[in-house]
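To keep things clear, I will list the structure first and then write my remarks on it.
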Amino acid sequence: MADLCEATDAAIIEGGGFGWLAPQGRDALARHFRGVMLVPERELFVARLDGHVVGSAQLVRPGRNNEAQAWAAQLTHAYIAPYARGHGLARLMVRRVEERAAALGHRVLNLDVRETQTTAIALFEGLGYTRWGTHPAYARIEGRTVAGHHYFRVLEPARGRPTETLFPQDS
C-alpha cells in the first residue's frame, strides 16, 4: 500500500492520471484504495517495477441495473509514476485491463483524458482508441478551464462472435 500511495502522489504532483490536483498523502490514499477494492463494480490493476508498485488503473463496470450499457466498461485513473516511465508499463497495464474487460464480456472500453495529459493521449491513440469527442469545459486546473477528450475502443471477444458483427458496415 505504501508503494501505491507514493506512486499515486508522484503522478498527482506531475499532473497526470488522477483527478486530484494536489498530493493527498498516505492516509487519504490508503482509505481511497481500500474503498476501491470494496466496490463490486471496480477492479484495481497495479503496475510493478522491480517488485514495487509504480502505477495503477481501474476497470469500472456498469451497475447491474444498467443492462443497456452492460456491454461497455470504463478505464479510469490510469497512471504510471514519473520515475517509472519508459519501461512499457502503461501499455502493458492498459492491455491487461482490456483483456480482463473482454473476458468479462465487455465489448467496448471507454475512457477520458484531460487535454494537458499529452503522453496519455499519445498512448491511447497509439493503442487504437478512437477519440469521439472533446468536452471544452472538462476540468478546472489552477483557475483555468481545461478540455477533455473522450475515447473508446472496441474489444475483441475472448470468445464469441467477431467484432465486425457489432458494427455492421452499410452497403
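The values are calculated or read from the model by the stated rules, or taken from the named source; none is laboratory data. Computed from a predicted structure; not experimentally measured. For neighbour counting, all protein chains shown are included, and Cβ atoms are generated from backbone atoms with ideal geometry for every residue, glycine included. To get the accessible areas, we keep the full protein, side chains included, count just its heavy atoms, and leave off ligands, DNA and RNA. Shrake-Rupley method; radii C 1.70, N 1.55, O 1.52, S 1.80 Å.
Listed values, structure above:
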quantity	calculated
Filter result (open to solvent by 20 Å² or more (accessible area, probe 1.4 Å) and small (Gly, Ala, Ser)) within the stretch 53-72	Gly63, Ala68, Ala70
Counted residues, the stretch 1-31 - those being in contact with a strand residue (DSSP E or B) (Cβ under 7 Å, 6 or more places away or on another chain) and among the hydrophobic types (A, V, I, L, M, F, W, C)	5
From Ala68, Ala101, residue being at pLDDT below 95 and more than 18 Å from Asp3 (Cα to Cα)	Ala68
The stretch 108-120 - residue that is out of contact with any Gly (no Cβ under 9 Å at 6 or more places or on another chain) and modelled with pLDDT of 95 or more and, of those, farthest from Ala147 (Cα to Cα)	Val108
Yes/no for Arg159 being basic (Lys, Arg) and modelled with pLDDT of 90 or more	no
Members of the stretch 92-132 that are small (Gly, Ala, Ser) and open to solvent by less than 20 Å² (accessible area, probe 1.4 Å)	Ala101, Ala102
Selection status of Tyr79, within 23 Å of Cys5 (Cβ to Cβ), among the aromatic types (Phe, Trp, Tyr) and open to solvent by less than 30 Å² (accessible area, probe 1.4 Å)	yes
Residue identified as within 16 Å of the chain's Cα centre (by Cα) and surrounded by fewer than 13 Cβ atoms within 10 Å (Cβ to Cβ) among Gly25, Gly88	Gly88
Within the stretch 28-40, tally of residues that are open to solvent by less than 60 Å² (accessible area, probe 1.4 Å) and charged (D, E, K, R)	0
Test: residue in the stretch 130-138 that is touching a helix residue (DSSP H, G or I) at 6+ places or on another chain (Cβ under 6 Å) and part of a strand (DSSP E or B)	no
Failed item, numbered, when Ala137 is tested on (1) modelled with pLDDT under 95; (2) of a type in the set (Gly, Ala, Ser); (3) touching a Ser or Thr at 6+ places or on another chain (Cβ under 7 Å)	(1)
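Residue-by-condition table, conditions (1) touching a residue at least 40 places away in the same chain (Cβ under 8 Å); (2) within 19 Å of Arg42 (Cα to Cα):
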residue: Val60; (1), (2): no, yes
residue: Asn66; (1), (2): no, yes
residue: Ala70; (1), (2): no, yes
residue: Thr76; (1), (2): no, yes
residue: Tyr83; (1), (2): yes, no
residue: Gly88; (1), (2): no, no
residue: Met93; (1), (2): yes, yes
residue: Arg100; (1), (2): yes, yes
residue: Arg114; (1), (2): no, no
